[in-house]
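Presented below is the structure to which this report refers.
Any read-out appearing in this document is the output of simple, stated calculations on the displayed coordinates, not a laboratory observation. Since the model is a prediction, treat every value here as computed from it, not as a measurement. We place every Cβ from the backbone using ideal geometry, glycine too, and count neighbours over all the protein chains shown.
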Amino acid sequence: MPAENALTYDTWSVISLWTAIAVYALAFICYSMDLAKRSDSSIKQRDRELVVAGGGSVSAPVASSDEPIAHANNMMARIATTLTWIAFLLHLAAVVLRGIGAGRVPWSNMYEFAMTSTMLFTGVYLFVLFWKDLRYVGAFMTGLVTVLLGAASMPNIYVQITPLADPLKSTWLIIHVFVASLATAFMALAFALSVLQLLQTRRERLVREDPSRDEKKNLLRTIPNAENLESLAYRVTIIGFILWTFTLIAGAIWAQDAWGRYWGFDTKEVWTFIVWVLYAGYIHARATRGWRGTRSAWLAIVGFAAVLFNFTIVNMFFDGLHSYAGLPD
């Protein structure tokens, strides 16, 4: 493709991406407003429970401590989800336009990988919404994507379209990097759920110690309990772990094709394996050792922190065969 056409596609990609960032920010605001309304819902429901307990005339059912309070006033959550869909489509357009301009898959450098992986963060979140209402993590997910995507679009990260390095001219670029990005998206969702699990665990402990604490306005009363959050995070993590295992295997095969060896203790390879070990330990400990509650949540959080370290600090500051960050000089 002529350079001027590639530049045009890249320009429209950047415009679409920054528009998506703005819409993600609006979605984050709306999700945050919904969280505030959840706080109102929790205190109103608590008042109704107290009236029922006191023999009043209110006939609303008393919520079980194991079940979240119904959040009926969710208009802002619906608006936020619509905005997230719009942002996702703009984000997708930015990725596609970058790919058309480059004449290849758009994930060969730090900027392109961040653009694609954050798109999958949103895609996985929206996909899971068809199965389960997770809009209570919407603020977290859209906030995370806004920050990461905004940072990746800064001049010190953004690069114009460049030719592929020779080792990247392989079908494994399409398979290996895409699956790694998808695995990261599931791990990001598990991370969000684990953070909420820790907050919910603390609330439940405080309520057990002093039930009067639950009379206060608290949005955590409108989301699933800690055990259910942990169970959901565990299932999401298993999907991410399976994809990450494939990433590790595919990377070794690609390394054999590119450099004539499956493993060479390159920094990127080592950190990819460290991430695998952390999540394998999380799954094994929870399944066989009874590591549940806050310990499993912290393992999931540490695992995702290692993922972010692998795709940011390792790419930017460590030399090695995988030094394809493509950062501008």
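Below, the figures for the structure above:
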| item | result |
| --- | --- |
| Net charge of Cβ neighbours under 14 Å - reference residue 18; Lys, Arg +1; Asp, Glu -1 | 0 |
| Per-residue ³J(HN,Hα) for region 256-265, Karplus 6.51 cos²θ - 1.76 cosθ + 1.60, θ = phi - 60°, Hz, x for Gly and Pro | 5, 5, 7, 10, x, 8, 7, 8, x, 6 |
| Cα→Cβ-extended label distance, 7 Å offset, between residue 15 and residue 170, nm | 3.8 |
| Extension gain, residue 308 back to residue 227 (0.36 nm per residue minus Cα-Cα distance, nm) | 26.5 nm |
| Distance histogram for region 164-328 (every C-alpha pair counted, 5 angstrom bins, percent rounded to whole numbers) | 1, 9, 16, 18, 16, 12, 9, 7, 5, 3, 2, 1, 0, 0 |
| Cα-based Kirkwood hydrodynamic radius, region 133-259, one decimal, Å | 17.7 |
| Computed log₁₀ I(q)/I(0) - Debye formula, equal Cα scatterers, no solvent, region 217-285, q 0.19, 0.25, 0.28 Å⁻¹ | -0.79, -1.06, -1.18 |
